[in-house]
Amino acid sequence: MTTVVIDYGAGNLRSVAKALGTVAAESRAGEVIVSDDPTVIRRANRIVLPGVGAFADCKKGLESRPGVIDALAQSVLEAGRPFLGICVGMQLMATEGVEYGTHPGLDWIKGKVVKLTPDDPGLKIPQMGWNDLKLRSAHPVFAGLESGDHGYFVHSYHFITDRPEDVLAAVDYGGEITAVIGRDNLIGVQFHPEKSQKVGLKLLANFLAWKP
Amino acid sequence: MLKMRVIPCLDVKDGRVVKGVNFVNLVDAGDPVAQAKIYDAAGADELTFLDITASSDNRDTLYDVVAKTAEACFMPLTVGGGVRKTEDIRKLLLAGADKVSINTAAVNNPDFVREAAEKFGDQCIVVSIDAKETAPGRFEIFTHGGRNPTGIDAVAFARRMAENGAGELLVTSMDRDGTRQGYNIALTRAIADAVNVPVIASGGVGNLEHLVEGIRDGHATAVLAASIFHFGQHSIAEAKAALAEAGLPVRR
């Protein structure tokens, strides 16, 4: 089994690949490779889109890799392979994002990525640090995790889904904000599992074992 | 709810820890990766590397250390020291850093921070502000480890950096750094109250109560310390217990 981490010039590829590689080795879940080759993406059994950076910059990075977006659509939407988006990689699943101008996303999960606007003016932007998850679903990627477990968040923008049922977990930051989204073979996490110690590694291991 | 962060800091020179922790049973006390692993296991909320390498020739050594640390640790890593160009930032992020801290380059060219934030996102740009209290309630930016005054007001500079896209400010009191007398609370609070981005208190921690003061009185949302974690004086767990006892939210 092969898991591909999409290389699009931005993002903390190495951290994501290392975390996945560590849990893949522990659970004998095959190899983890980093690639921007459409052929490799089409052949991979699982796909991970990481993300650190600005929405538009990341989208541009994806578009600048010939054939990558088409390969993603084929593998994820047509072949139904398990997909995990992380942070900006999760936000790119949206219909559109408004960081430094309005930009179209992949439109895989209907919704918008907008600036965080907490009720409490004392709350800082970005949300930076560990926040406790409120799980709203018994999704397989949450196996062994429970509400109250912490994920590490670093973001100024958040995903507002059109359909409430696409939100699988939330956190409180001056109001509930989306922490995990998903439908069918798609999962997106706003926090960084690769930086969330035991909780994050557990989620990644669950993703590698997930058969949607 | 978001938790307050406890961040140990390791000073790294030419790829070796020069001011870090002498943990028991650590074969090589100068190995940053070994120290980072211990902090990861201890539940540190983040880790900061401050590269104090004298010569820029040894930059590749730093990238190598960052890469090895990122392989072994699953917590956020901030790297500071000598970040001058967007290429420096890209290399650090690709090596596995999650955030980079910009100091002198932000003072010399505030627009560099804007350029970096637009390129890499606000959230991975930390501006490190070294300031001294030059008169009661007056805080001035210093560079070169506190040696060179700039005439720049620290609070006004902090506001400008936040406007330029800094995602976080690391506020170090140069007159307290290394004294173990506690953070300069007036400085921390003046900046934390003036900006809408997270502030990390730094410089001068001598005991656990100082960590509590940084958050409760200084209005920081994270506390950075180096020397109290030296020689096992205090553990990360003790630091978090002290914050929790003061009613501050922490991850345990």
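The values are calculated or read from the model by the stated rules, or taken from the named source; none is laboratory data. Being a predicted model, the structure only gives us computed values, none of them experimental. All Cβ positions, even for glycine, are placed from backbone atoms using ideal geometry, and neighbour counts span all protein chains on display. Surface areas here come from the heavy atoms of the whole protein model, side chains and all, with no ligands, DNA or RNA. Shrake-Rupley method; radii C 1.70, N 1.55, O 1.52, S 1.80 Å.
Key figures for this structure:
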quantity: Separation of the B:Asn58 and B:Gln233 label points, Cα + 7 Å toward Cβ, nm; calculated: 2.5
quantity: Full-extension gain in nm, A:Asp37 to A:Glu176, via 0.36 nm per residue minus C-alpha separation; calculated: 46.3 nm
quantity: Accessible area per residue, Å², chain A with all protein chains present, probe 1.4 Å; calculated: 36
quantity: 4 °C / 1.567 mPa s Stokes-Einstein diffusion coefficient of segment A:2-209, Kirkwood radius on C-alpha pairs, µm²/s; calculated: 77
quantity: Per-residue HN-Hα couplings for segment A:57-68 [Karplus 6.51, -1.76, 1.60; θ = phi - 60°; Hz; x = Gly/Pro]; calculated: 5, 5, 4, 4, x, 5, 5, 6, 8, x, x, 5
quantity: Inter-probe distance in nm under a simple model that places probes 7 Å from Cα toward Cβ, at B:Glu87 and A:Lys110; calculated: 4.8
quantity: Estimated buried accessible area (total), pair B and A, 1.4 Å, Å² to nearest 100; calculated: 3200
quantity: With every protein chain in place, the protein assembly as shown: carbon and sulfur % of accessible area (1.4 Å); calculated: 49
quantity: Residues B:Ala186 and A:Ala25, FRET efficiency given R0 of 41 Å [Cβ-Cβ distance, rounded to 0.05]; calculated: 0.25
quantity: Heavy-atom surface of chain B, accessible at 1.4 Å and reported per residue (Å²); calculated: 38
quantity: Summed side-chain charge close to A:Val16 - residues other than A:Val16 whose Cβ falls under 15 Å, Lys, Arg +1, Asp, Glu -1; calculated: -2
quantity: Residues A:Tyr100 and B:Ala135, FRET efficiency given R0 of 51 Å [Cβ-Cβ distance, rounded to 0.05]; calculated: 0.80
quantity: Size of electric dipole in segment A:2-209: Cβ of Lys, Arg +1 and of Asp, Glu -1, about Cα centre, debye, nearest 20; calculated: 400
quantity: Reduction of at least 10 Å² in accessible surface, 1.4 Å probe, comparing all protein chains with the chain by itself, residues of segment A:44-59; calculated: A:Val52, A:Gly53, A:Ala54, A:Asp57
